[in-house]
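The values are calculated or read from the model by the stated rules, or taken from the named source; none is laboratory data. Everything numeric in this text was worked out from a predicted model, so none of it was measured. Don't worry about glycine lacking a Cβ; one is built from the backbone with ideal geometry, like all the others, and counts go over all protein chains shown.
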Amino acid sequence: MIARFATLAGVLVALVAASHTASAETPEALLKTLRSVGREGKGNVAASRAVRELSQADATILPTILRGFADSNPLAANWIRSAFETVAERELQKGGSLPRAELEKFLLNRKENPRARRLAFEWLVKVDPTVQARLVPGMLDDPSDELRREAVQQLTDQATVLKKDKKDKQAIALYRKALSGAVHDDQVKRIVEPLRQLGEKVDLQKQFGFLTSWQAVGPFDNKDKKGFDVAYPPEKKIDIKASYKGQLGKVAWTPVSTEQEYGIVDIAKSLMNYKGSAMYVTTNFQSDKARNVEIRLGTPNSWKLWVNGKLLFAREEYHRGMKIDQYRVDVALKPGRNVLLLKILQNEQTDNWAQRYQFQLRVCDGTGSAVLSQPTTTTSVLPSSSKSLVVKGSK
């Protein structure tokens with residue numbers, strides 16, 4: 001009787017376990033749950049459960065988890081990364097192994113999510129000492145800026161050894177090669193300094209893709225910050241031959257360019273530090289084809305940006321500080337001439353720290369590599385007969 005009861009109990013346990021297994025969600029479904037996580041805790045409870053379930057799997061699930069990064073927002077990516085690292089860490093702690101071949105294949109597929117590829121790289125480095133030497137050299141032009149950074153650093157280190165050994169020509173060649181892939185300002189600086197010590201010239205404006213020649217007009221009224229939402233004439237039509245009624249009287253377009261190596265156009269120094277004002281600057285960008293790019297802007301002032309007459313971004317905040325690539329705006333360029341219009345506004349604060357009235361703007365791809373305006377025979381926004389106000393200086 002007892003034996004029959006034990007057998008029956010065993011069958012019931014098995015049935016319950018089978019029922020639980022059958023009702024469990026697939027890894028793909030669990031990853032979909034993670035990708036639905038939103039701000040302010042939206043979906044966090046379901047995400048926590050999904051991570052627990054994913055984390056119970058063995059290491060063969062790791063490539064599947066990596067594919068879950070596709071189309072994930074930053075919050076979802078954190079949850080997915082947690083599941084990946086939990087599985088990978090447990091596998092190594094128990095003396096197991098990761099699916100190296102599958103992870104490497106994923107890493108080398110440049111179409112996969114950059115964050116996921118970077119994660120695969122980090123864990124491959126832990127378990128395969130040959131990865132750095134085998135794979136990193138091929139990442140100099142990688143679409144992932146973080147993987148590209150690895151290749152740049154490797155070349156920079158090699159060049160530094162050559163420079164120390166007085167092998168200047170070889171060092172210069174490697175520094176130049178590293179610079180061709182460098183997209184992070186800190187790395188560029190570490191490359192440019194020794195190159196200049198070796199007598200080499202480096203054009204940082206071209207390296208980063210800064211736009212340095214503009215037409216400027218203003219000031220227009222921004223007293224009491226009222227000008228941000230006012231559509232002054234340049235917003236309706238750009239005509240560099242036109243003049244308008246401005247804040248201080250009649251205003252006309254004036255050519256302005258900068259020699260500052262980080263492309264900083266200083267309105268306060270090149271024109272005047274107008275208080276409570278709005279200025280407009282415009283330039284052309286010639287594209288050889290239709291392409292998606294990023295416009296990256298740095299400014300401590302409020303601003304609006306139009307490309308080909310379409311308002312793409314606006315931010316009303318004063319004295320926030322300024323740094324390279326402070327703001328990023330996705331832009332779809334058309335073939336040929338593209339017209340950029342930037343509205344930049346200063347408020348009326350008189351504090352010393354509130355006097356900056358400047359901007360820097362560059363065009364690049366998603367990694368930060370410069371996209372340069374192409375030569376053209378059409379009329380420039382800077383007429384050849386005009387004298388340009390030139391802003392000099394270096395960072």
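Among the conditions (1) more than 29 Å from the chain's Cα centre (by Cα); (2) surrounded by fewer than 20 Cβ atoms within 10 Å (Cβ to Cβ), the only one that SER277 does not satisfy is (2). Could you tell me whether any residue of segment 179-186 is assigned to a strand (DSSP E or B) and of a type in the set (Ser, Thr, Tyr)? The answer is no, given that none of the residues of segment 179-186 is assigned to a strand (DSSP E or B) and of a type in the set (Ser, Thr, Tyr).
In segment 21-46, the residue that is modelled with the lowest pLDDT out of those that are more than 23 Å from ASN109 (Cα to Cα) and in contact with a Ser or Thr (Cβ under 6 Å, 6 or more places away or on another chain) is GLY43. Remark: pairs (first residue in segment 291-304, assigned to a strand (DSSP E or B); second residue polar (S, T, N, Q) and crowded, with 22+ Cβ neighbours inside 10 Å; Cβ separation under 6 Å; 6+ apart in sequence or on different chains) = GLY298/GLN360.
Look at GLU40 and say whether it is at positive phi and surrounded by fewer than 19 Cβ atoms within 10 Å (Cβ to Cβ). It is true that GLU40 is at positive phi and surrounded by fewer than 19 Cβ atoms within 10 Å (Cβ to Cβ).
Here is a yes/no grid of residues against (1) under 30 Å from the mean Cα position of the chain (by Cα); (2) assigned to a helix (DSSP H, G or I); (3) at pLDDT below 95; (4) not hydroxyl-bearing (Ser, Thr, Tyr):
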| position | (1), (2), (3), (4) |
| --- | --- |
| ASP229 | yes, no, no, yes |
| LYS245 | no, no, no, yes |
| GLN260 | yes, no, no, yes |
| MET272 | no, no, yes, yes |
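Here segment 315-334 is the region considered, the condition is being outside any loop (DSSP other than H, G, I, E, B) and out of contact with any Asp or Glu (no Cβ under 9 Å at 6 or more places or on another chain), and the residue that is surrounded by the most Cβ atoms within 10 Å (Cβ to Cβ) is LEU333. Just name the residue that is surrounded by the most Cβ atoms within 10 Å (Cβ to Cβ) out of those in segment 93-109 that are touching a helix residue (DSSP H, G or I) at 6+ places or on another chain (Cβ under 8 Å) and part of a loop (DSSP other than H, G, I, E, B). Looking at the filtered set, the residue picked out is LEU98.
Residues that are of a type outside the set (A, V, I, L, M, F, W, C) and in a helix (DSSP H, G or I) were ranked within segment 23-44; the one that is farthest from ALA76 (Cα to Cα) is SER23. Restricting segment 133-142 to residues that are surrounded by fewer than 16 Cβ atoms within 10 Å (Cβ to Cβ) and of a type outside the set (A, V, I, L, M), the residue that is farthest from HIS184 (Cα to Cα) is ARG134.
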